[in-house]
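**Q** This is the structure I want to talk about, given as structure tokens.
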Amino acid sequence: MENMDDTSGSSFEDMGEMHQRMKEEEEEEEAEGEAGAAEEEDGEFLGMKGLRGQLGRQVADQMWQVGKRQASKAFSLYANIDILRPYFDVEPVQVRTRLLESMIPVKMINFPQKIAGELYGPLMLVFTLVAILLHGMKTSDTIIREGTLMGTAIGTCFGYWLGVSSFIYFLAYLCNAQITMVQMLSLLGYGLFGHCITLFVTYNIHFHSLFYIFWLGVGGLSTLRMVAVLVSRTVGHTQRLILCGTLAALHMLFLLYLHFAYHKVVEGILDTLEGPNMPPFQRVARDIPVVSNAILNTTAKAVALTL
């Protein structure tokens, strides 16, 4: 019996120890679960921070790339100027030779005539024509109210050069003529040399008969030169007639417009904007009152007493 009591007592003790161990294990599992949840929360928080960090880095990289592209464009400006350099790299002797050649028609139809692919000479001729127009307005009876009206002259000359060149180039494309836009600009630009000579002479010597002689002689020679070049680069009689007739008519009529109608058109524009009876701008001197010596002496004494 005593052995049985001892056995039962030890079994109760074992049960208590087992129960205590189970509680400890449950507490350990709960602690591990809480630690795992805390780690998951920390991981989520760190993940949000990492995502924000990635977005920040991407935005910074994009800003860096944009700034780099802008800087490269700024530094490549000199390279863009180099693209235009071949069109203006010409010697003065070559320009002089091409000016003389622009007044000499060459009858050569079997082979395309050579056209200079540079823009320095034509650009200088356009500016020269602008200066001649301003000179003609000063020597004529035109009342200049807004300075020298350089903007109107520049718009007229450059508008004709660029506009007619683009139109003739489009027409040459339709007529299957072998010419580029740069060559068309060069051809029409050098063709303005006859206009410059005619207007410069007739603005200083006011005879209509002299103008018509220069219009037919000098202007006609420069026009025939351009017509001969286009004829050599166009195939077909109809295409040649359309292209060369359009260019000749525009070029000769533009010279008539500059001599007879340009000043009247400018005066009409000024009358429309400012009124027909608007006097030209004048500087008026101000009347300065005479200050007596007594006032000057009194003022000087007051300043001396103050000091």
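The values are calculated or read from the model by the stated rules, or taken from the named source; none is laboratory data. Bear in mind that the values here come from a model prediction, so they are computed numbers and not experimental data. Counting neighbours? That spans all protein chains shown, and the Cβs are built from the backbone with ideal geometry, glycine included. Heavy atoms of the whole protein, side chains included, go into the accessibility calculation; ligands, DNA and RNA do not. Shrake-Rupley method; radii C 1.70, N 1.55, O 1.52, S 1.80 Å.
**Q** For region 82-198, which semi-axes, largest first and in whole Å, follow from the square roots of 5 times the eigenvalues of its Cα gyration tensor?
**A** With the √(5λ) rule applied to region 82-198, the semi-axes are 29, 16, 15 Å.
**Q** Right, something else. Could you give the radius of gyration (one decimal) and Dmax (whole number) of the Cα atoms in region 85-142, in Å?
**A** Considering region 85-142 through its Cα atoms, Rg and Dmax are 15.6, 50 Å.
**Q** Using heavy-atom solvent-accessible surface (probe 1.4 Å) with all chains present, what is the largest-first order of Glu28, Glu118, Glu101?
**A** Glu28, Glu101, Glu118
**Q** Apply 1/(1 + (r/R0)^6) to the Cβ-Cβ distance of Tyr87 and Met150, taking R0 = 35 Å, and write down the FRET efficiency to the nearest 0.05. Please report the intermediate quantities before stating the final value.
**A** Working: r = 25 Å, r/R0 = 0.71.
The formula returns an efficiency of 0.90 here.
**Q** Given points 7 Å out from each Cα along the Cα-Cβ axis, report the Glu26 to Gln58 separation in nanometres with one decimal.
**A** Going from the Glu26 label point to the Gln58 one covers 4.9 nm.
**Q** Per residue Cα convex hull volume for region 139-242, in cubic angstrom? Display every interim value, and only then the final one.
**A** Numbers: hull volume 11.6 nm³, N = 104.
It comes to 111 Å³ per residue, whole-number rounded.
**Q** Using 0.36 nm per residue, how much length does the chain from Val201 to Leu99 gain when fully extended, once their Cα-Cα distance is taken away? Present the calculation step by step, with values, prior to reporting the outcome.
**A** Working: separation 102, 0.36 × 102 = 36.72 nm, distance 1.74 nm.
Answer, rounded to one decimal: 35.0 nm.
**Q** Another question about this same structure. Name the shape class, rounded, prolate or oblate, that the alpha-carbon gyration tensor gives for region 92-271, where a ≥ b ≥ c are the square roots of its eigenvalues, rounded holds for a/c under 1.5, and otherwise prolate holds if a/b is larger than b/c and oblate otherwise. Display every interim value, and only then the final one.
**A** Values: a/c = 1.91, a/b = 1.82, b/c = 1.05.
Prolate, because a/c is 1.5 or more and a/b exceeds b/c.
**Q** Going through region 161-252, which chymotrypsin sites (Phe, Trp or Tyr not before Pro) have at most 14 other Cβ atoms within 10 Å and a DSSP loop state? Don't skip to the answer; put the middle values down first.
**A** Values: sites: Trp161, Phe167, Tyr169, Phe170, Tyr173, Tyr190, Phe193, Phe200, Tyr203, Phe207, Phe211, Tyr212, Phe214, Trp215; in loops: Phe207.
Of the chymotrypsin sites (Phe, Trp or Tyr not before Pro), the ones in loops of region 161-252 whose Cβ has at most 14 other Cβ atoms within 10 Å are Phe207.
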